[in-house]
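*Asks:* Below is the structure I would like to discuss, written out as structure tokens.
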Amino acid sequence: MARVPYLERDPVSPELRTSGMLAIVTLLLLLGATVAGAGPLRTDFTKALVPLEEIVPGGPPPDGIPAIDRPVFVAAGAADAWLPPAEPVVAVEVNGDARAYPLRVMIWHEIVNDTVGGKAVAVTYCPLCNSGLVFDRQVDGRALDFGTSGMLFKSDLVMYDRQTHSLWAQMEGRAIVGELAGVRLAMIPANTIAYADFKAAYPGGKVLSQETGFSRRYGLNPYGYYDQPNLDPFLLKGAPDRRRPPKERVVGVLLGGAPRAYPWPALVKQRVIHDAVSVEPLVIFYQPGARSALDEPRMEQSRSIGATGVFNPTVAGRSLTFEPAGDGFRDRETGSVWNLLGHAVKGPLAGQRLRAVPHVDAFWFAWAAFHPSTSVYGGP
């Protein structure tokens, strides 16, 4: 299948749609079959916030998709030998400690239990929702360790914590069943961006190594052609919200209890969107370049889709107005140039940073399933 720009992708054929679903089912069953000793969960199912029948088996048993508990990192430059510049990574920085988690690794493990900048975090990626999210895994004074439960809720990764075996919905970072039902993890701002953009912003940053202790075909996409906008989600109970195509990418923001979605086609067209959610001003950046992790069977051959960043546009009490400027962005007030991660790299404000607003880049169906009251920028 030929590569075409994000907005011009041909509709997926029924044959490819069927083969893609079969490939996912086969992959999940194979992963489950290769894990020895994966025991049953000891979850307290009497404490449930959602209908239990909506939590469905995804194929593998608990830990059939193994989380990474002892991550190994290499310097950004050292990853050049195996990580192409445009491949996507989940980028997070805490207290000056910047780390990148390549989706070529995350797609096979989905969870990394890590400590970044002295903070215990869970870096997560659900391929079925295309959602890379980072959470503070400290709850009531103890750090929880997370694994994959082998189950799905609204086609989303259901995690479990190894301390209480409570079940957590990855898209909202909330325990939905078990002892900790109702507890929410604090979200840490993170971006899914091209490796080259991470390395340019953080030349001293660290990259999750492919030396994980597991034998996986890193660089291959086991969910081939899964990200077609009109393709139906896998094992989603009920019909997806029809306001947008189910697999269209959106930026999802939740502020003050108000959810709002920004469709990627609008971002691709405008590159900068100014808005406000629950009275908080926002600026959303879009930059082309990063590849999809869920397109071609080999990530390095996948089409370019781009990346986003969400920020409060206020610096030192002054509200800035942004516009695209070459490979970056320029504020009209001072003429300073900013990168995708909200760092001023040239001009009078060089060295300043915008405050990142937690967001998720995800498929529309997933954002709408967890936030059915969401508004949509630009309307349906």
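The values are calculated or read from the model by the stated rules, or taken from the named source; none is laboratory data. Keep in mind that what you see is a predicted model, and the values were worked out from it rather than measured. Virtual Cβ from ideal backbone geometry, glycine too; neighbours counted across all protein chains shown.
*Asks:* Acidic (D, E) and outside any strand (DSSP E or B), is that true of E300?
*Replies:* Criteria met by E300.
*Asks:* Could you figure out which of (1) buried (at least 18 other Cβ atoms within 10 Å of the Cβ); (2) modelled with pLDDT of 95 or more isn't true of Y223?
*Replies:* Of (1) buried (at least 18 other Cβ atoms within 10 Å of the Cβ); (2) modelled with pLDDT of 95 or more, only one is false for Y223: (2).
*Asks:* A further question on this structure: Kindly indicate whether any position in segment 306-315 is assigned to a loop (DSSP other than H, G, I, E, B) and touching a residue at least 60 places away in the same chain (Cβ under 8 Å).
*Replies:* The answer is yes; a qualifying residue exists.
*Asks:* Please specify each residue of segment 55-88 satisfying the condition of being part of a strand (DSSP E or B) and within 22 Å of F45 (Cβ to Cβ).
*Replies:* Of all residues in segment 55-88, those part of a strand (DSSP E or B) come to 55-57, 68, 73-75, 88.
Selection gives I55, V56, P57.
*Asks:* Restricting attention to segment 65-95, which residues are at pLDDT below 95 and under 21 Å from the mean Cα position of the chain (by Cα)?
*Replies:* Across segment 65-95, the qualifying residue is only A76.
*Asks:* Between a first residue in segment 350-371 that is at negative phi and free of Cβ contacts under 8 Å to residues at least 60 places away in the same chain and a second residue that is buried (at least 24 other Cβ atoms within 10 Å of the Cβ) and assigned to a loop (DSSP other than H, G, I, E, B), which pairs have beta carbons less than 7 Å apart while being 6 or more apart in sequence or on different chains?
*Replies:* R353/G342
*Asks:* Scan R243, R216 and give me the residue that is part of a loop (DSSP other than H, G, I, E, B), touching a helix residue (DSSP H, G or I) at 6+ places or on another chain (Cβ under 8 Å) and within 30 Å of P84 (Cβ to Cβ).
*Replies:* R216
*Asks:* Among the residues of segment 275-287, which ones are touching a strand residue (DSSP E or B) at 6+ places or on another chain (Cβ under 8 Å) and loosely packed, with under 15 Cβ neighbours inside 10 Å?
*Replies:* Within segment 275-287, the first condition is being touching a strand residue (DSSP E or B) at 6+ places or on another chain (Cβ under 8 Å), and the residues that meet it are 275-278, 280-287.
Of everything in segment 275-287, those that are touching a strand residue (DSSP E or B) at 6+ places or on another chain (Cβ under 8 Å) and loosely packed, with under 15 Cβ neighbours inside 10 Å turn out to be D275, A276, S278, E280.
Here's the yes/no breakdown for (1) farther than 19 Å from P102 by Cα; (2) out of contact with any Phe, Trp or Tyr (no Cβ under 6 Å at 6 or more places or on another chain):
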position	(1), (2)
G132	no, no
D136	yes, yes
D145	yes, yes
M151	yes, yes
Y160	yes, yes
W168	yes, yes
R174	yes, yes
G182	yes, yes
I188	no, yes
